[in-house]
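Okay, structure first, notes after.
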Amino acid sequence: MWLVYDAKQRLIYIPNYPLLNFLLATGIFLALSNWLFEATVVLNDALVPSDITAKALGRRVAAAAAALTALYALVAVCRAI
């Protein structure tokens, strides 16, 4: 959001207070970033345990690829309807 040309017009939480808007937007960004980091750590621990073998990891990667392919096909079918 900070890289768009008109960010001053897009990020208006408190009218006529640009510094407070910037601080609030930055706080929201940092909180969301931290939450996504923690979610990524949990998903990494769940999907790739530290004691996994190469064969089991390959099966999990193949299953994830199959699931993503199935979801992509489902979206394609839904858009065609």
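Numerical summary
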read-out	value
Residues satisfying the stated conditions in the stretch 41-57, i.e. surrounded by 10 or more Cβ atoms within 10 Å (Cβ to Cβ) and charged (D, E, K, R)	Asp45
Selected residue [surrounded by 10 or more Cβ atoms within 10 Å (Cβ to Cβ), assigned to a helix (DSSP H, G or I) and of a type in the set (Lys, Arg)] from Arg79, Arg60	Arg60
Long-range neighbours under 8 Å by Cβ, at least six apart or interchain, first residue without any contact (Cβ under 8 Å) to a residue 60 or more places away in the chain within the stretch 40-51, second surrounded by 10 or more Cβ atoms within 10 Å (Cβ to Cβ) and of a type outside the set (A, V, I, L, M, F, W, C)	Leu47/Arg60; Val48/Arg60
Residue that is farthest from the chain's Cα centre (by Cα), among those in the stretch 23-38 that are modelled with pLDDT of 95 or more and small (Gly, Ala, Ser)	Ala31
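The values are calculated or read from the model by the stated rules, or taken from the named source; none is laboratory data. A quick note: this is a predicted structure, and the numbers were derived from the prediction, not measured. Cβ: placed from backbone, ideal geometry, glycine included. Neighbour counts: every protein chain shown.
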